[in-house]
Amino acid sequence: MADSADRDDDKQRQLAGDRVSPEGPALTTDQGIRVDDTDNSLTVGERGPTLMDDFHFREKVTHFDHERIPERVVHARGAGAYGQFHVYDGSLAEFTAAEFLTDPSLTTPVFVRFSTVAGSRGSADTVRDVRGFATKFYTRQGNYDLVGNNMPVFFIQDGIKFPDFVHAVKPEPHNEIPQAQSAHDTLWDFVQLQPETIHMMMWLMSDRALPRSYAMMQGFGVHTFRLVNAQGRGTFVKFHWKPKLGTHSLDWDETQKIAGKDPDFNRRDLWDNIESGHFPEWELCVQLVPEEDEHRFGFDLLDATKLIPEEEVPARPVGKMVLNRNPDNFFAETEQVAFHLANVVPGIDFTNDPLLQGRLFSYLDTQLIRLGGPNFPQIPVNRPVADVRNHHRDGYHQMGIHQARSAYHKNSLSGGCPAIAGDGAYTHYQERVDGQKIRKRSESFNDHYSQATLFWNSMAGFEKEHIVAAFRFELGKCETMSIREGVVRHLNHVDHELAVQVAEGIGVAAPAAAGSPNHGRSSPALSQANAPTDTIEGRKVAILVADGVDSGDIASVGEALVDAGAVCEVLAAKGGEVQAANGAQVDVTKAMPTMASVLYDAVLIPGGPESVRALKADGLAVHFVAEAFKHGKAIGAIDAGIELLERAGVTGVRVASEGALTDQGVVTRRGGDPGFANQLITAIAAHRHWERDRDSVPA
Ligand code: HDE
């Protein structure tokens, strides 16, 4: 008893910055020497020089001086989480020997890191960029890394072009401007001279580059890989992750504002959802192509600038991944995690995609410098759950104490250990390859426009508008006119109307006739407008209040929203509490000046004439509603709350005269109507209401 009381006392003293008892858990140096003062250097007298004797000072500052490691050359900014993968029953045993893809009784732990590509570690989350989606499966057969993106194709076809591409998209070398932006001359110069980029540029200019949440993002392995079954038969495979919450994006204007209001927007969303038990979920899907069908497509399966339309080869769901645990330490886990395309388990193999082959070299190479030597697989987040035994020795940061005398194969001194595996060993797919050594791109890689056209044709009207606006913005920032013209020439081979619309916005002469005829084919699976929209899980709703609010509205509607999985926050002019019309105290979650409508998915304005009068007189509240309307968000307004809509310039929308009514995602109610909450839930689940006349709203 006395012991635990002492420990409690120690804890209290520690919190107060005081000393602990002689046995207590005190601050120490790296050598375990207990330290009694970490706030004052050792000096000669109170005002004299600091002494070299102060080993604690020197160790503390030296360690600090060495805290940074180089950031990733690409994908520097990221956020990660742990979770689990389960394969479904009726698995892939016919196609692969990978145990984690065939045994439904297994729970495979995973670590996933999401990232942006171009920006530095400290850049904003919501920039226009591709998102990395890298998954490490800690399988019993060893680590398998699926290192993908949120877009199914890539900018280039051959790994040898990667340094060129990255140098073009990164900030320009003379002035390191712009940070994490693709709107600058060097990128678009690369694009105009390298037309294989065009399909991916269509994706980059689309809403896919602005994900609302990592949990609302698809993932793609991009390359064609190979599954190999126990008999050694191969099947081509494309990997897809499909999010349970559907695939949804932010508005471009909104992303730019969020970059200032909350640069950690996506990272925070991932963290908060896991902390509050809204665990993000994806289904793993595979597109399988028998080897004998390799040449049945109008493009080359080895060309990473092409996708296989899901209408041609369905994406078959094979398992589910849930992310349910945040890391304990960002640096130790998210920063030090090392993914590598070459980390494969038996049953999964590569193809001769020249981009994929380039990646097989790059990842280990970059990690050797980034993580300071060859022993980074020993860092906890990188360690396999499978046993590791080999003859690798020494090197920087070696953590193992190898006891065997022989570090070579074969040996007799250690009983021949470790022995060579029999069953369960990785065996490479026995593909027959012969040819001459040449530097030449296959002619089957030459069609750079058909799939860009397919993508364009598949977009809903609002998605096309966003793509045109994005090209106008990006090319409008290009200072070199000939680069703008060059890109328009390529777009004219994608779709004439697209090229004309872009040209008109950037001061370039519109092409007179189409560069190539539009083939007219589309793939509905490519449009986010066809994404499921039946849940509001993880959506954030702002409830705007002031003194005199109708607390009954907050309670009844707020409860229904929370029950449906949303997060509701009460915002008022100041933090603390407001007094409801019935005298009750309503806790304020956040003060309005610290937040903004761009940080929420929807707004609710409860009734209460006095509250609404105050909100109408508050510019921040008025702007909040106007901006939410401009960004197409669901808005709910009850009784007097409807007046705030009018004050915010929300016109051209029908509002309820009695009962509940939804028009263009604006849900209004006068008097009691239990249907209001459900209508608001439906409006939020629809994600955005692009059909509104948004341009006339000055927010
Ligand atoms: Fe990467 N890529 N990449 N990449 N990549 C890296 O590896 C590279 C490519 C992707 O969260 C680097 O450890 C080359 C395609 C993700 O830690 C580096 C080529 C796809 C991540 C590298 C490609 C990706 C990386 C930088 C062309 C989608 C972040 C730091 C041959 C399928 C992983 C590192 C994480 C990271 C090289 C092309 C996805 C330099 C040479 C295609 C998600 O090795």
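The values are calculated or read from the model by the stated rules, or taken from the named source; none is laboratory data. Quick caveat: nothing in here was measured; it's all calculated off a predicted structure. Cβ sites come from the backbone with ideal geometry, for glycine too, and all protein chains shown count toward neighbours.
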Take THR247 and tell me if it is in contact with a Leu (Cβ under 6 Å, 6 or more places away or on another chain) and assigned by TED's automatic domain parsing to the domain that holds GLY319.
no
What single numbered condition from (1) of a type outside the set (Lys, Arg); (2) more than 16 Å from the ligand (Cβ to nearest atom); (3) in the same structural domain as HIS248 (by TED's automatic domain parsing); (4) surrounded by 13 or more Cβ atoms within 10 Å (Cβ to Cβ) fails to hold for GLY83?
(2)
Residue satisfying all of: in the range 27-83; among the basic types (Lys, Arg) and over 30 Å from VAL110 (Cα atoms); farthest from the chain's Cα centre (by Cα) among these:
ARG47
Here are some residues: PRO152, PRO211. Which one is more than 23 Å from ARG121 (Cα to Cα) and surrounded by 23 or more Cβ atoms within 10 Å (Cβ to Cβ)?
PRO152
So which of VAL289, VAL322 ends up being part of a strand (DSSP E or B) and farther than 17 Å from PHE133 by Cβ?
VAL289
Does SER406 count as small (Gly, Ala, Ser), under 24 Å from GLN194 (Cα atoms) and either within 34 Å of the chain's Cα centre (by Cα) or not assigned by TED's automatic domain parsing to the domain that holds LEU301 (or both)?
no
It is to be established whether one or more residues within the range 218-229 are assigned to a loop (DSSP other than H, G, I, E, B), of a type in the set (A, V, I, L, M) and away from the ligand (no atom under 16 Å from the Cβ).
no
When you look at LEU307, is it surrounded by 21 or more Cβ atoms within 10 Å (Cβ to Cβ), within 15 Å of the ligand (Cβ to nearest atom) and part of a loop (DSSP other than H, G, I, E, B), yes or no?
yes
From the options GLU94, GLU71, residue that is in contact with a Ser or Thr (Cβ under 9 Å, 6 or more places away or on another chain), of a type in the set (D, E, K, R) and within 30 Å of ARG233 (Cβ to Cβ)
GLU94
Within the range 47-80, restricting to residues that are assigned to a helix (DSSP H, G or I) and of a type outside the set (D, E, K, R), the one that is surrounded by the most Cβ atoms within 10 Å (Cβ to Cβ) is HIS56
GLY552 vs. criteria outside any strand (DSSP E or B), crowded, with 21+ Cβ neighbours inside 10 Å and outside the structural domain of SER276 (by TED's automatic domain parsing):
no
Test ARG77 against the criterion of being in contact (Cβ under 8 Å) with a residue 40 or more places away in the chain and of a type in the set (Lys, Arg), and give yes or no.
yes
Selection from the range 656-691 of residues more than 24 Å from ALA566 (Cα to Cα) and either at pLDDT 95 or above or surrounded by 16 or more Cβ atoms within 10 Å (Cβ to Cβ) (or both) yields ALA656
Taking the range 611-625 only, how many residues are under 35 Å from the mean Cα position of the chain (by Cα), closer than 21 Å to ARG670 by Cα and surrounded by fewer than 24 Cβ atoms within 10 Å (Cβ to Cβ)?
1
LEU360 being farther than 30 Å from GLY234 by Cα, within 16 Å of the ligand (Cβ to nearest atom), surrounded by 13 or more Cβ atoms within 10 Å (Cβ to Cβ) and not assigned by TED's automatic domain parsing to the domain that holds LEU491
no
So VAL191 fits all but one of (1) within 16 Å of the ligand (Cβ to nearest atom); (2) surrounded by 24 or more Cβ atoms within 10 Å (Cβ to Cβ); what number is the exception?
(1)
